[in-house]
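Asks: Handing you this structure, nothing more for now.
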Amino acid sequence: MRKILSIDTTVCKGAGTCGAMHPQLFSVGDDGYAVARRTDLVDPADIAAAASVVDVCPTEAIQLTSVD
Amino acid sequence: MQTTEQAPTLFDSAYYQDPYSVYDWLRIHDPVHRFRFGVGDVPMVFLSRYDDVRALLSDQRFSNDGAAWGSEEFKRSGMIFGAGTLIGRILTVLDPPDHTRVRKLAMGAFTPRRVATWKEPVERIINETLERLEKSDEPDVMDFASRIPADVTGEILGFPLKRFADMLDAIERAFHADPANPDNESVVAAAFEEIVSYGRELITEKRRNPGDDLTSVFVQARDGEDRLSEDELVSLVAVMIMAGIDTTRNLIGSAVLALLDHPDQFRLLREHPELSSTAVEEFLRYDGAFCVGLFRLAKEDLEIRGVPVPAGTPVVAGLQSANNDPEEYIDPRRLDITRTGQRHLALGYGLHNCMGAALARLETGIAVPALLRRFPTMRLSVPRAEIRFEENWLLRSLPSLPVELRPADVTR
Ligand code: HEM
Ligand code: SF4
């Protein structure tokens, strides 16, 4: 399985839940928006980690899409 | 001869009226400030710089759980609130993985779609509250500011009105108990018991008759096989009330005071209500309701900027100090409702950032412009020097903000 991780910066509020939960995948930049530190995820542990943040982000800014 | 300038005192009477000059001193001279907290004489550390505060809030070497990680002095101080009751296990004190699990289940109730459905009740309640203010003989902005989040919270949680009033009364008794009363502890314990029983009652009712209120959503929240336990449900309902009402009240109050202190900004927002979303962010930055974060306990011996911080030390995140750090904000004590740039930390940051942020923004963003539109020439009815903040270490809170709603001789 392969997933693409991205952040919708038009809605992200930069409150940093994602980076606090999984700093290896997310950080909040100086401009106040989250960035995905890696976008192409193949390791199931990374995918599970990213998925767990999707539901916790208060603005639904985190997108995790499947690629075939 | 050299003299070392004495650090100003945190949490004394002068500080409560003007915390910002204390923060200014600390940021420059002692950014990792060791001090003793008045209650229990507990040794603590205060962080005042933006970068340090933000780093603390996302640092997993710290815990929010005072009962598990606090120093002996801290545990003895009696400041671990609701200790031993279900309220002592609310979301704000949980660490991962419990925190992640509960937060994830609860966050499902705060989707942007659901928040959008709250606009109508919030507008309706604000209109009713404006009517009441208009009729008041001694109009006080704090009555307006208190009423809005209380009514909104009760309605959103799906409480029957009378029951909610009882619940608020119990919360008042739990938090404003008189420490001089020898029965203090049992008064507080009884109040917490009551809060818990109202919570249980509401949850039982929503299991039987689910509605589209927040409590019903919490009751039904599921993540695969995982769901909230009965105790977690009760403590979630309680935390919504405890975290959502006084905070929003105080933000609305200090926003109105800030506008009265900055007439150009008052006029700008009155004429351009479309600026309300940047204005709300600026109100939060300028005098947001939480002066400091909840205590973070060091889980191991560590150092911050070379200052040793032994395990168990409560570290205080100076949220409002960070939000007024001149390294981040130009001329920080000037209210500028069009300000952009660095985000404030007034709603927290990291794992425990405010769960009700969208609701707080919605309420304040409607309430403040509506007040200005209705009373465009409003002004204080007492001298400015009589406006005093409460001596509350956590929340920046005005007990009263008396105003003349339509002074006869004013045009603005
Ligand atoms: C102007 C209003 C508000 C302000 C300034 C505010 C501020 C904050 C801050 C600073 C924190 C983080 C505390 C810390 O990390 O030490 C927080 C957490 C929280 N807030 Fe708010 N808040 C407001 C309104 C609300 C509302 C309306 C609700 C609920 C409906 C709410 C629910 C919560 C909850 C549940 C938490 C704990 C989250 C967690 O521990 O994961 N807040 N708030
Ligand atoms: S949790 Fe969501 S809103 Fe918060 S910083 Fe991450 S992406 Fe942005």
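Asks: With 10 angstrom as the radius, rank B:MET240, B:MET107 by how many other C-beta atoms surround their C-beta, starting from the fewest. Write out the running numbers ahead of the final one.
Replies: Details: B:MET240 24, B:MET107 17.
So the residues, fewest neighbours to most, are B:MET107, B:MET240.
Asks: Of B:SER71, B:LEU302, B:PRO182, whose Cα points farthest to the positive end of the dipole of the protein assembly as shown (charges on the beta-carbon: +1 Lys, Arg; -1 Asp, Glu; origin at the Cα centre)?
Replies: B:LEU302
Asks: Could you sort out which of B:LYS75/B:LYS104; A:LYS13/B:LYS206; B:LYS162/B:LYS206; A:LYS13/B:LYS299 sit more than 21 Å apart by Cα distance in this structure? Please report the intermediate quantities before stating the final value.
Replies: On the way: B:LYS75/B:LYS104 29 Å; A:LYS13/B:LYS206 32 Å; B:LYS162/B:LYS206 16 Å; A:LYS13/B:LYS299 29 Å.
Going by Cα-Cα distance, B:LYS75/B:LYS104; A:LYS13/B:LYS206; A:LYS13/B:LYS299 fall outside the 21 Å limit.
Asks: When only C-alpha pairs under 8 Å and at least 6 residues apart count, what is the relative contact order of chain B, in percent? It would help to have the intermediate numbers written out before the result.
Replies: On the way: 613 pairs, mean separation 98.6, N = 412.
Relative contact order here is 24 percent.
Asks: Can you list which of the GluC sites (Glu not before Pro) found in segment B:1-107 are DSSP loop residues with at most 12 other C-beta atoms within 10 Å?
Replies: On the way: sites: B:GLU5, B:GLU72, B:GLU73; in loops: B:GLU5.
Here the GluC sites (Glu not before Pro) that fit, given the DSSP loop and packing criteria, are B:GLU5.
Asks: I'd like the GluC sites (Glu not before Pro) in segment B:276-359 restricted to DSSP loop residues with at most 13 other Cβ atoms within 10 Å, sorted by number. Walk me through the numbers on the way to the answer.
Replies: Values: sites: B:GLU281, B:GLU282, B:GLU300, B:GLU303, B:GLU327, B:GLU328; in loops: B:GLU300, B:GLU327, B:GLU328.
The qualifying sites are B:GLU300, B:GLU327.
Asks: Please give the contour-minus-distance gain from B:ASP12 to B:ARG406: 0.36 nm per residue of separation, less the Cα-Cα distance, rounded to one decimal in nm. Display every interim value, and only then the final one.
Replies: Details: separation 394, 0.36 × 394 = 141.84 nm, distance 3.66 nm.
The B:ASP12-B:ARG406 span can extend by a further 138.2 nm.
Asks: Below 14 Å, Cα to Cα, which aspartates and glutamates can A:LYS3 reach? Residues fewer than 8 away in the same chain don't count.
Replies: A:ASP40, A:ASP43, A:ASP46, A:ASP68
Asks: Taking a cut-off of 15 Å between Cα atoms, list the aspartates and glutamates near B:LYS135, but don't count ones fewer than 8 places away on the same chain.
Replies: Cα-Cα hits under 15 Å: B:ASP143, B:GLU404.
Asks: Over segment B:171-234, what is the mean sequence separation of C-alpha contacts under 8 Å (at least six apart), divided by residue count, expressed as relative contact order in percent? Working shown, then result.
Replies: Details: 39 pairs, mean separation 15.2, N = 64.
Rounded, it is 24 percent for segment B:171-234.
Asks: Where does the charge balance sit around B:PRO332 when Lys and Arg score +1, Asp and Glu -1, over other residues with C-beta under 12 Å from its C-beta? Please list the in-between numbers first.
Replies: Working: positive: B:ARG27, B:ARG285, B:ARG333, B:ARG334, B:ARG339; negative: B:ASP24, B:GLU282, B:ASP287, B:ASP325, B:GLU327, B:GLU328, B:ASP331, B:ASP336.
Summing Lys/Arg as +1 and Asp/Glu as -1 gives -3.
Asks: Taking the alpha-carbon centroid of each part, what is the distance from segment B:230-262 to segment B:195-212 in angstrom?
Replies: 22 Å
Asks: With +1 on each Lys and Arg Cβ and -1 on each Asp and Glu Cβ, and nothing else charged, work out how big the dipole of the protein assembly as shown is about its Cα centre, in Debye to the nearest 20. Don't jump to the answer; show the numbers that get you there.
Replies: Values: 53 positive and 74 negative charges, 165 e Å.
Taking the Cα centre of the protein assembly as shown as origin, the dipole is about 800 debye.
Asks: Something else now. With springs only between Cα atoms under 10 Å apart, run a GNM on chain B and tell me which of B:SER321, B:SER397, B:SER229 wobbles the most.
Replies: Taking springs between Cα atoms under 10 Å, the residue moving most is B:SER229.
Asks: Treat every Asp and Glu Cβ in segment B:187-297 as -1 and every Lys and Arg Cβ as +1, leave all other atoms uncharged, and give the resulting dipole magnitude about the Cα centre to the nearest 20 debye.
Replies: On the way: 11 positive and 20 negative charges, 14 e Å.
The calculation lands at about 60 debye.
Asks: Let a ≥ b ≥ c be the square roots of the eigenvalues of the Cα gyration tensor of segment B:42-102; is it rounded (a/c under 1.5), or, if not, prolate (a/b larger than b/c) or oblate? Spell out each step's value before the answer.
Replies: Numbers: a/c = 2.38, a/b = 1.18, b/c = 2.01.
Oblate, because a/c is 1.5 or more while a/b does not exceed b/c.
Asks: Mind checking the dipole of chain B: about its Cα centre, +1 per Lys or Arg Cβ, -1 per Asp or Glu Cβ, Debye to the nearest 20? Each step should come with its number before you reach the end.
Replies: Working: 48 positive and 65 negative charges, 196 e Å.
It comes to approximately 940 debye.
Asks: Provide the percentage of antiparallel DSSP beta bridges, counting only those with both residues in segment B:13-381; round to the nearest 5.
Replies: Rounded to the nearest five, the antiparallel share is 85 percent.
Asks: Label 7 Å along Cα→Cβ of A:GLU60; segment B:110-147 residues with amide nitrogen under 12 Å?
Replies: B:110-117
Asks: Check B:ARG379: other-chain or 5+ apart residues with amide H under 5 Å from its amide H, H built from backbone geometry?
Replies: B:GLU404
Asks: Only Cα pairs under 8 Å and at least 6 apart count here; give the relative contact order of segment A:2-67 as a rounded whole percent. Could you put the intermediate results ahead of the total?
Replies: Details: 111 pairs, mean separation 31.5, N = 66.
Here the relative contact order equals 48 percent.
Asks: Would you please classify the overall shape of segment B:1-148 from the alpha carbon gyration tensor, given that a ≥ b ≥ c denote the square roots of the eigenvalues, rounded means a/c under 1.5, and beyond that prolate means a/b larger than b/c while oblate covers the rest? Don't jump to the answer; show the numbers that get you there.
Replies: Values: a/c = 2.07, a/b = 1.32, b/c = 1.57.
Taking the square roots of the gyration eigenvalues as a ≥ b ≥ c, segment B:1-148 is oblate.
Asks: Got a sec? How would B:GLU172, B:GLU205 order by Cβ neighbour count within 10 Å, fewest to most? Please report the intermediate quantities before stating the final value.
Replies: Values: B:GLU172 11, B:GLU205 18.
In increasing order of surrounding Cβ atoms, one gets B:GLU172, B:GLU205.
Values in this text are rule-based calculations from the coordinates and carry no lab data. Everything numeric in this text was worked out from a predicted model, so none of it was measured. Because the Cβ atoms are built from the backbone with ideal geometry, glycine has one as well, and the counts that use them run over all protein chains shown.
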